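The structure appears right after this line, and notes come after that.
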Amino acid sequence: MLLPQKHTGADTTIFSVMSALAAAHGAINLSQGFPDYPIDTRIQQLLKEATAQGFNQYAPMPGLPVLTEQIARQKNRQLNLRVDPSNITICPGASYGIFVTLATVLSKGDEVIILEPAYDAYIPAIEINGGIPVAVPLNYPDFSVDWDRLKAATNAKTKAIIVNTPHNPTGTIWSAADWQQLGALVAGREIMVISDEVYDQIVFDGAKHHSVLQEEALKDQCVAVFSFGKQFHATGWKIGYTIASATITKAIRKVHQFIAFSVNTPAQYALGMFMQQFPDEDSCALLNSKRNLLNQLLAETPFKILQPAAGSYFQVADYSQWKDMPDKEFAQWLTKDAGVATIPLSAFYQHGTDNKLVRFCFAKEDATLRAAIDKIKAKL
Ligand SMILES: Cc1ncc(COP(=O)(O)O)c(C=O)c1O
């Protein structure tokens with residue numbers, strides 16, 4: 001069979017590559033973004049309850065009402081919005097949410113702007129759906145947006161811009177002023193803003209998450225995408241959701257109903273009931289202390305932190321004072337020789353920009369973080 005090349009991304013994502021390398025060398029895995037601690041036992045209990053109570057058949061296509069109602073409540077409370085549950089579509093993970101949005105919006109040859117470094121699923125998702133990715137680099141080293149470059153990258157073929165806050169891999173977050181800038185740039189043009197907000201519940205030092213949904217100028221041309229995997233540390237559950245205007249939601253569902261149709265019913269019940277019973281649960285304090293611990297430990301090594309992560313599961317660090325090698329080579333060496341797996345930042349750039357940076361995932365037990373830094377120190 002002749003099989004077409006549907007995208008220019010890697011044959012195997014860097015996350016699978018580094019996790020496999022970590023396993024092969026018995027290294028501590030701070031590469032892929034998943035927690036090594038257990039999920040909340042109350043959610044586990046609710047999942048059991050769901051199956052026992054008979055929530056075992058197809059959920060309604062847009063999502064189980066107990067869950068969409070709780071999401072609307074949470075978003076309205078946290079972001080001072082008036083989201084209606086009918087604007088929410090539950091989907092099998094945020095990556096799918098982004099993919100189905102692109103499948104809904106793109107025609108062949110449309111351009112989609114991404115801001116690099118960028119989560120590595122964006123480019124393949126754009127290309128599989130017939131689009132052309134246009135990468136605009138974020139400023140180095142603070143990873144802020146270069147508004148002039150972004151403006152210069154937009155043209156009549158631009159159909160969408162993908163934004164991600166809190167940001168993977170750099171841990172930066174967007175301010176209300178950033179959203180206003182984007183609003184001023186694209187409002188009223190035929191450009192969809194796809195806002196990947198999977199780490200919306202994980203912001204540090206008392207900062208607030210700012211969502212595209214709060215930017216009035218963009219309300220009829222945006223889709224915000226979220227993930228319960230990150231919010232409740234259950235990445236294996238693969239449940240996320242989109243929030244968009246009634247018109248865009250209708251268009252997304254027209255596609256979604258023929259791909260996934262609906263999402264795991266017992267898990268939707270468990271998440272909805274958990275949010276109903278414990279509406280104030282958040283992950284900020286837990287992850288904030290883990291970021292602090294990792295950064296405190298990294299200070300005892302030659303790694304240099306450009307800026308502490310303001311949100312997400314990740315801290316970026318510069319190793320150039322320690323080793324003079326390309327970042328992919330360094331990450332391999334660190335895994336095989338020091339026994340600690342990280343992700344080289346060049347993997348988040350279309351053309352492999354290498355600023356001698358690696359990404360650490362700190363959503364790990366404190367003991368895991370300590371053991372990893374002990375291993376690094378042993379190689380100094
Ligand atoms: C920025 C970003 N978007 C999307 C995803 C995917 O989320 P999900 O597992 O819900 O598909 C991830 C997972 O690491 C991510 O970091």
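Miscellaneous remarks
- Candidates Glu197, Glu116, Glu111, Glu127: the one that is crowded, with 23+ Cβ neighbours inside 10 Å and among the acidic types (Asp, Glu) is Glu197.
- Of the residues making up segment 103-119, those that are more than 9 Å from the ligand (Cβ to nearest atom), more than 25 Å from Ser262 (Cβ to Cβ) and in contact (Cβ under 8 Å) with a residue 40 or more places away in the chain are Ser107, Gly109, Asp110, Glu111, Val112, Ile113, Ile114, Leu115, Glu116, Pro117.
- Residues that are more than 27 Å from Asp196 (Cβ to Cβ), at pLDDT 95 or above, among the hydroxyl-bearing types (Ser, Thr, Tyr) and not in a helix (DSSP H, G or I) occur in segment 287-304; there is at least one.
- Those helices (runs of 4 or more DSSP H) of segment 1-102 in which 1 or more residues are of a type outside the set (Val, Ile, Thr) and within 16 Å of the ligand (Cβ to nearest atom) occupy 14-24, 65-79.
- Sole exception among (1) in contact with a Cys (Cβ under 9 Å, 6 or more places away or on another chain); (2) within 19 Å of Gln74 (Cα to Cα) for His256, by number: (2)
- Scan of segment 214-247 for residues that are aliphatic (A, V, I, L, M), in contact (Cβ under 8 Å) with a residue 40 or more places away in the chain and either crowded, with 24+ Cβ neighbours inside 10 Å or under 12 Å from Thr101 (Cβ atoms) (or both), ordered by number: Val223, Val225, Ile239, Ile243, Ala244
- Selection from segment 169-196 of residues that are closer than 23 Å to Lys230 by Cα, out of contact with any helix residue (DSSP H, G or I) (no Cβ under 8 Å at 6 or more places or on another chain) and not small (Gly, Ala, Ser): Thr170, Thr172, Ile173, Trp174
- Under the condition of being in contact with a strand residue (DSSP E or B) (Cβ under 6 Å, 6 or more places away or on another chain), of a type outside the set (Ser, Thr, Tyr) and more than 18 Å from Ser16 (Cβ to Cβ), the residues counted in segment 341-355 number 1.
- Subset of segment 347-369 (residues that are within 30 Å of Ile132 (Cβ to Cβ) and outside any loop (DSSP other than H, G, I, E, B)): Ala347, Phe348, Leu357, Val358, Arg359
- Tally of residues being within 18 Å of the chain's Cα centre (by Cα), closer than 29 Å to Lys108 by Cβ and assigned to a loop (DSSP other than H, G, I, E, B) across segment 129-143: 1
- Breaking point among (1) in the same structural domain as Gly130 (by TED's automatic domain parsing); (2) in contact with a Pro (Cβ under 8 Å, 6 or more places away or on another chain); (3) surrounded by 14 or more Cβ atoms within 10 Å (Cβ to Cβ), for Gly9: (1)
- Residue match in segment 265-284 (condition: surrounded by 15 or more Cβ atoms within 10 Å (Cβ to Cβ), assigned to a strand (DSSP E or B) and either of a type in the set (Ser, Thr, Tyr) or on the phi < 0 side of the Ramachandran plot (or both)): no
- Condition check for Trp174: touching a His at 6+ places or on another chain (Cβ under 7 Å) and at pLDDT 95 or above: yes
- Top-ranked residue in segment 37-68 [being under 19 Å from Cys91 (Cβ atoms) and hydroxyl-bearing (Ser, Thr, Tyr); ranked as surrounded by the most Cβ atoms within 10 Å (Cβ to Cβ)]: Thr68
The values are calculated or read from the model by the stated rules, or taken from the named source; none is laboratory data. Keep in mind it's a predicted model, so treat the numbers as computed, not measured. Note: ideal-geometry Cβ built from the backbone for every residue, glycine included; neighbour counts use all protein chains shown.
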